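The values are calculated or read from the model by the stated rules, or taken from the named source; none is laboratory data. Keep in mind the model is a prediction, meaning the values are calculated, not measured. When we count neighbours, we look across all protein chains shown, and the Cβ atoms used for this are built from the backbone with ideal geometry, even at glycine.
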Amino acid sequence: MKIRNISSALALALVVAIPAAAEAADEAKKLEQVDTWFTQYDRNNDGHVTAAEFSMGKSYFGALDTNKDGVLTRAEAKAAVVAANTRPLDWKKLDTDKDGYVTVREWTGSAADFDKLDLDNDRVLSNYDRDLARARRRAEGRLASFDKDGDGFVALSEWPAEKSLFQERDRSPRDGKLSVEELTEDVRRKN
């Protein structure tokens, strides 16, 4: 009986772990392909892809050019791949008692995944958590496109807009750089 339970647990763990590992490997492969693609399209090797160098259409170029500066960076292209691989959860299926919330009892994934999604730490997944997660993904995309030195923050020298707009967003602590949390709050206030 114990062997059967252990085998069942192992099988369940593999069912959960293998797709997650495959998904991570798939995303890594896609990010490598972005580097190949970027090198191919950056014909003048200046580290940017302009609309003239881009052959997939203006609307697609506009969607990838998140900071609207007229050029694509590797960071913008990679952020688009990451965003495309982020699949939304089917909240209606998870909310089995149809009360508008997904509780720990209704959750079918791991406790760690639940905790990652429960952004307000109230032990239920709600529309607030979902909206905050969306805002965070958008903020992460902005951070990736603005963060030229790769330090995980946006400095005033990297900010593409007016200085006063940067200062409005640099809230806590006022350290002269924007974190993903500050950018997330900015996205949430706009929506």
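For residue 119, the test of being assigned to a helix (DSSP H, G or I), at pLDDT below 90 and surrounded by 12 or more Cβ atoms within 10 Å (Cβ to Cβ) is failed. Picking from residues in region 50-64 that are surrounded by 16 or more Cβ atoms within 10 Å (Cβ to Cβ) and modelled with pLDDT under 80, the one that is nearest to residue 78 (Cα to Cα) is 64.
Okay, residues lined up against (1) out of contact with any Lys or Arg (no Cβ under 6 Å at 6 or more places or on another chain); (2) exposed (fewer than 13 other Cβ atoms within 10 Å of the Cβ):
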residue	(1), (2)
91	yes, no
129	yes, no
134	yes, no
140	yes, no
162	yes, yes
183	no, no
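Among the numbered conditions (1) farther than 28 Å from residue 180 by Cα; (2) at pLDDT below 80, the only one that residue 21 does not meet is (1).
The residues listed here are 120, 131; of these, the one that is touching a residue at least 60 places away in the same chain (Cβ under 8 Å) and within 23 Å of residue 181 (Cβ to Cβ) is 131. Among the residues of region 133-162, those identified as outside any helix (DSSP H, G or I) and among the small types (Gly, Ala, Ser) are 150, 152, 155, 161. Within region 141-165, the set of residues being closer than 11 Å to residue 76 by Cβ and of a type in the set (Phe, Trp, Tyr) comprises 146 only. Every listed requirement among (1) modelled with pLDDT under 80; (2) part of a helix (DSSP H, G or I) is met by residue 76 save one, (1). Scan region 166-188 for residues that are closer than 21 Å to residue 77 by Cβ and part of a loop (DSSP other than H, G, I, E, B) and the total you get is 0.
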